[in-house]
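A.B. asks: The structure that follows is given in the form of structure tokens.
The values are calculated or read from the model by the stated rules, or taken from the named source; none is laboratory data. All of these numbers come straight from a predicted model, not from anything done at the bench. Every residue, glycine among them, receives a Cβ derived from its backbone with ideal geometry; neighbour counts consider all protein chains shown.
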Amino acid sequence: MKLKGWKEVTPGAVITEAGSALKFKTGSWRAFKPVWIEENCIQCLFCWLYCPDMAVKVKDGKRAEFDYDYCKGCGICALECPGKKGNKAIIMEEEGR
Amino acid sequence: MGKVVAITGNEAVANALRQINPDVCAAYPITPQTDMMQRFSSFVNDGKVKTEIILVESEHSAMSCCIGAAAAGGRVVTATSGPGLALMWEMLFVASGMRLPIFMPVVNRALSAPLNIHGDHSDAMGARDSGWIQLWTENAQEAYDNAVMALLIAEHSDVRLPIMVCMDGFIISHSIERVELLDDADVKKFVGDYKSLNPLLDINHPKSIGPLILPDYYMEFKRSQHEAMSKVKDVVLNVSDDFAKLSGRKYGLFETYRLEDAEVGLVVLNSAAGTSKDVVDSFRDKGIKAGLLKPRLFRPFPYEEVGEALKHLKAVAVLDRADSFGAFGPLYTEIASSIYPYKEKPILINKIYGLGGRDYMPSHGELVLNELAEIAKTGKVKTFKEYIGVRE
């Protein structure tokens with residue numbers, strides 16, 4: 001994408017297009033990546049509830065995969081995850097390992 | 001047309017605000033501005049103006065509130081002084097960066113410590129790089145006139161930037177002067193209606209304001225902000241021409257007094273310029289060709305025009321009512337930049353005066369002009385930066 005020059009930008013950086021935040025893939029900020037371990041998941045959906053970036057997907061009322069385009073790797077889901085019999089259903093892994 | 005009254009500078013500007021009838025005013029009291037907003041609040045309370053006044057808990061909140069109201073699409077004003085302006089500092093850059101044409105009278109006051117409530121330009125000079133337009137005024141009449149013109153300059157489609165009108169605390173804000181007020185209807189017509197560019201309240205066109213802009217775009221926005229500032233000069237002159245037609249009072253980018261054939265000159269802002277003009281007259285009577293330049297538009301600074309006006313002088317003293325400790329005063333550095341391009345230029349000295357409301361007396365101006373006459377004769381300078389009116 002060709003970047004705009006200073007004569008083309010909107011005065012005051014106003015964004016006149018609704019929903020344009022979708023184009024900003026903030027997942028690139030991530031240092032730690034949440035990994036879902038399905039066999040330990042009790043489908044409580046705490047991760048979906050707590051995620052500040054709507055990066056936990058739910059399909060037909062069931063937990064689906066992470067949306068890594070927008071997950072910044074904050075780790076709240078992993079912290080809140082009750083898991084099953086002491087085994088977490090979400091663990092954080094360092095990116096690039 | 002209009003009427004002549006005896007009022008203070010604060011009262012004059014409060015009346016200008018009443019006549020402008022802005023949509024929103026969020027302000028916090030601080031001496032010596034308090035009296036202006038108190039009078040304006042009375043106008044609102046008495047139904048003389050329809051402005052919605054919003055009481056806030058600090059100047060930081062006052063400016064934040066103004067930014068919100070201006071982004072919503074309103075015509076917005078506030079007012080402050082000294083430490084109040086300092087507390088607004090963060091938000092000043094938000095207002096200008098978001099290109100919101102807010103109008104703020106600044107009643108110049110010293111900054112602490114030591115605590116001091118009196119006239120001093122340190123407050124507005126501290127905000128000179130905040131992206132606000134700055135107009136400086138000598139007396140109550142100029143404060144009133146510039147207040148009437150301020151929003152027309154700020155809201156111009158080429159500009160869309162916030163604007164300060166500065167006047168000296170107490171010396172102007174609390175002294176009673178002869179002031180010519182325009183008719184309410186004339187000001188209403190002159191100021192006209194305001195149409196904001198991207199109002200948030202236009203709910204049919206949803207938008208986001210104040211986004212995060214990273215290194216890939218930040219500089220483009222700053223460069224475009226500079227471009228808007230570069231348009232201000234022409235807009236100020238056009239608005240001032242229209243104002244002259246209405247009021248008979250003419251304003252340029254700066255005022256010159258007996259400067260055309262002068263050999264020595266003073267450059268000074270605001271109320272001290274009035275005293276200095278008297279001193280210039282007395283030196284002219286003695287056969288010394290003295291003159292004066294009083295800047296009106298300080299941001300953006302009209303370097304070329306000021307340079308042209310001063311280049312023929314032999315020696316010039318720039319009087320600063322604000323200090324930059326360990327450096328020259330803020331006005332001096334601008335004047336030095338203005339005359340720098342010329343091969344033949346005046347010798348330039350800097351005097352710091354009047355800090356914290358210390359009186360500027362005719363004898364101070366005389367001292368400086370005598371020194372300039374000596375410099376013009378000998379070409380020798382003892383000290384480039386010196387303080388006047390201070391005890392050893």
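A.B. asks: Hey, could you check region A:1-27 for residues that are at the interface with chain B (Cβ under 7 Å from one of its Cβ atoms) and at positive phi and say which is nearest to the chain's Cα centre (by Cα)?
C.D. replies: A:ALA13
A.B. asks: For region B:52-84, which residues satisfy the criterion of being farther than 19 Å from B:LEU151 by Cβ and either hydrophobic (A, V, I, L, M, F, W, C) or modelled with pLDDT under 95 (or both)?
C.D. replies: Taking region B:52-84 as the starting set, the residues that turn out to be farther than 19 Å from B:LEU151 by Cβ are B:55-61, B:64, B:81-84.
Matches in region B:52-84: B:LEU55, B:VAL56.
A.B. asks: Hey, which of the strands (runs of 3 or more DSSP E) in region B:203-317, taking only ones fully inside, have at least 3 residues that are among the aromatic types (Phe, Trp, Tyr) and free of Cβ contacts under 8 Å to residues at least 12 places away in the same chain? Full working, then the answer.
C.D. replies: Values: elements: B:254-257, B:264-268, B:290-295, B:297-299.
Fully inside region B:203-317 and qualifying: nothing.
A.B. asks: Moving to a separate point now. Restricting to region B:191-227, what's the tally of residues that are touching a Pro at 6+ places or on another chain (Cβ under 9 Å) and polar (S, T, N, Q)?
C.D. replies: 4
A.B. asks: Read through the list (1) within 14 Å of another protein chain (Cβ to nearest Cβ); (2) surrounded by fewer than 24 Cβ atoms within 10 Å (Cβ to Cβ); (3) out of contact with any Gly (no Cβ under 7 Å at 6 or more places or on another chain), then give the number of the only condition that B:ALA70 fails.
C.D. replies: It fails just one condition, (2).
A.B. asks: Same structure again: Do we find that B:PRO105 is modelled with pLDDT of 95 or more, in contact with a Lys or Arg (Cβ under 6 Å, 6 or more places away or on another chain) and either away from chain A (no Cβ under 14 Å) or part of a loop (DSSP other than H, G, I, E, B) (or both) in this structure?
C.D. replies: On the way: modelled with pLDDT of 95 or more: yes; in contact with a Lys or Arg (Cβ under 6 Å, 6 or more places away or on another chain): no; either away from chain A (no Cβ under 14 Å) or part of a loop (DSSP other than H, G, I, E, B) (or both): yes.
So B:PRO105 fails the test.
A.B. asks: Let me ask something else. So A:LEU22 fits all but one of (1) of a type in the set (A, V, I, L, M, F, W, C); (2) out of contact with any Cys (no Cβ under 6 Å at 6 or more places or on another chain); (3) modelled with pLDDT of 95 or more; what number is the exception?
C.D. replies: So the condition that A:LEU22 fails would be (3).
A.B. asks: While we're on this one: Just name the residue that is surrounded by the fewest Cβ atoms within 10 Å (Cβ to Cβ) out of those in region A:17-72 that are of a type in the set (S, T, N, Q) and assigned to a helix (DSSP H, G or I).
C.D. replies: As a first pass, look at region A:17-72 and keep what is of a type in the set (S, T, N, Q): A:20, A:26, A:28, A:40, A:43.
If we keep only those that are assigned to a helix (DSSP H, G or I) as well, we get A:20, A:26, A:28, A:40.
On the way: A:SER20: 12, A:THR26: 13, A:SER28: 10, A:ASN40: 17.
The selected residue is A:SER28.
A.B. asks: Here is a further query. What number of residues within region B:200-225 satisfy the criterion of being within 13 Å of chain A (Cβ to nearest Cβ) and surrounded by fewer than 12 Cβ atoms within 10 Å (Cβ to Cβ)? Step through it out loud before you land on a result.
C.D. replies: Step one: list which residues in region B:200-225 are within 13 Å of chain A (Cβ to nearest Cβ), which gives B:200, B:202-225.
Narrowing the set further to residues that are surrounded by fewer than 12 Cβ atoms within 10 Å (Cβ to Cβ) leaves B:203-205, B:212, B:214-216, B:219.
Summing the residues that are within 13 Å of chain A (Cβ to nearest Cβ) and surrounded by fewer than 12 Cβ atoms within 10 Å (Cβ to Cβ) in region B:200-225 gives 8.
A.B. asks: Here is a check on your reading of the model: is A:CYS77 assigned to a loop (DSSP other than H, G, I, E, B), farther than 30 Å from B:TYR217 by Cβ and not β-branched (Val, Ile, Thr)?
C.D. replies: So A:CYS77 fails the test.
A.B. asks: Report yes if some residue within region B:162-179 is in contact (Cβ under 8 Å) with a residue 60 or more places away in the chain, within 14 Å of chain A (Cβ to nearest Cβ) and not small (Gly, Ala, Ser); otherwise report no.
C.D. replies: Here is the first cut: in region B:162-179, the ones in contact (Cβ under 8 Å) with a residue 60 or more places away in the chain are B:162-179.
Subsequent filtering for residues that are within 14 Å of chain A (Cβ to nearest Cβ) retains B:162.
If we keep only those that are not small (Gly, Ala, Ser) as well, we get B:162.
So far as region B:162-179 goes, yes, one or more of its residues are in contact (Cβ under 8 Å) with a residue 60 or more places away in the chain, within 14 Å of chain A (Cβ to nearest Cβ) and not small (Gly, Ala, Ser).
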